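Chemist: Submitted below is the structure of interest, expressed as C-alpha cells.
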Amino acid sequence: MKTFLLSLILILSLLKINAQSCQDMIDFVKKDNYGTTYTSYNSEAISKVTFYNKTLNYNTYYFAIVCFKTKYSYSCSEYIYQVASNTKYNYSQNYLNSAGKAFWKYIKPYNEILECAPE
C-alpha cells in the first residue's frame, strides 16, 4: 500500500510538472480516452460531469471533469478532480435528484488533490 501511495504521488507530481496548466491536465485525461457523461438539464450550476479512467504504470486513476454553467447558457467551464473508484457509481445514483447535492457529496471533497478546481 505504501508503494502504491508513493507511486501515485510521484506520478501526480510528474503530471503537474509536465502539465503547464489545469487545462493541460484535462487534455491529458481526455486524450485517447472515452468518458461516461451525466448531463444535468435541470441544474442551475452543473451542465455535465464526465468520468474517466486513466491507467499509468499498471495503476488506474479516476477523474471527474465537471462542466459548470456560465452566464451564457451555451457554454460551461471545465474543472478536473481526481476521485475515488466508486465516485462515478455514487454520483450516477444521485445526480437526477440533484446534480448539485451529488456534486457536493461525492466530487467536491476531492478538490484539493489536483488543485484544479474552484474552492
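The values are calculated or read from the model by the stated rules, or taken from the named source; none is laboratory data. As the structure is a prediction and not an experimental result, all values here were calculated from the model. Cβ coordinates were reconstructed from backbone atoms using ideal geometry, including for glycine residues, and neighbour counts include every protein chain displayed. Ligands, DNA and RNA are stripped out before the accessible areas are found, and what is left, the full protein with its side chains, is counted by its heavy atoms. Shrake-Rupley method; radii C 1.70, N 1.55, O 1.52, S 1.80 Å.
Chemist: Keeping all protein chains in place and using 1.4 angstrom, which order do 38, 74, 110, 91 fall into by accessible surface area, from largest down?
Modeler: Per-residue accessible area, sorted high to low, gives 74, 110, 38, 91.
Chemist: Indicate the gyration tensor shape class of the stretch 27-80 (rounded, prolate or oblate), computed on the Cα atoms with a ≥ b ≥ c the square roots of the eigenvalues: a/c under 1.5 is rounded; otherwise a/b larger than b/c is prolate and the rest oblate.
Modeler: Prolate.
Chemist: Setting aside same-chain residues fewer than 8 positions from residue 48, which aspartates and glutamates have a Cα under 18 Å from its Cα?
Modeler: Counting by Cα, and skipping residues close in sequence, residue 48 has these aspartates and glutamates nearby: 27, 78.
Chemist: Going through the cross-link list 71/105; 54/101; 54/88, which pairs have a Cα-Cα distance over 22 Å in this structure?
Modeler: Check vs 22 Å cut-off fails for 71/105; 54/101.
Chemist: Now a separate question. So which aspartates and glutamates can residue 108 reach, going by Cα to Cα under 13 Å and dropping same-chain residues fewer than 8 places off?
Modeler: Candidates past the 8-residue exclusion: 119.
Chemist: Heavy atoms only, probe 1.4 angstrom, no DNA, RNA or ligands counted: give me 112, 78 ranked by accessible area, highest first.
Modeler: 112, 78
Chemist: Treating the beta-carbon of each Lys and Arg as +1 and of each Asp and Glu as -1, no other charges, what is the dipole magnitude of the stretch 12-119 about its Cα centre, to the nearest 20 debye?
Modeler: The calculated dipole for the stretch 12-119 is roughly 260 debye.
Chemist: Determine how large the accessible area of residue 116 is when every protein chain is in place; take a 1.4 Å probe and give Å² rounded to the nearest 10.
Modeler: Residue 116 exposes around 20 Å² with every protein chain in place.
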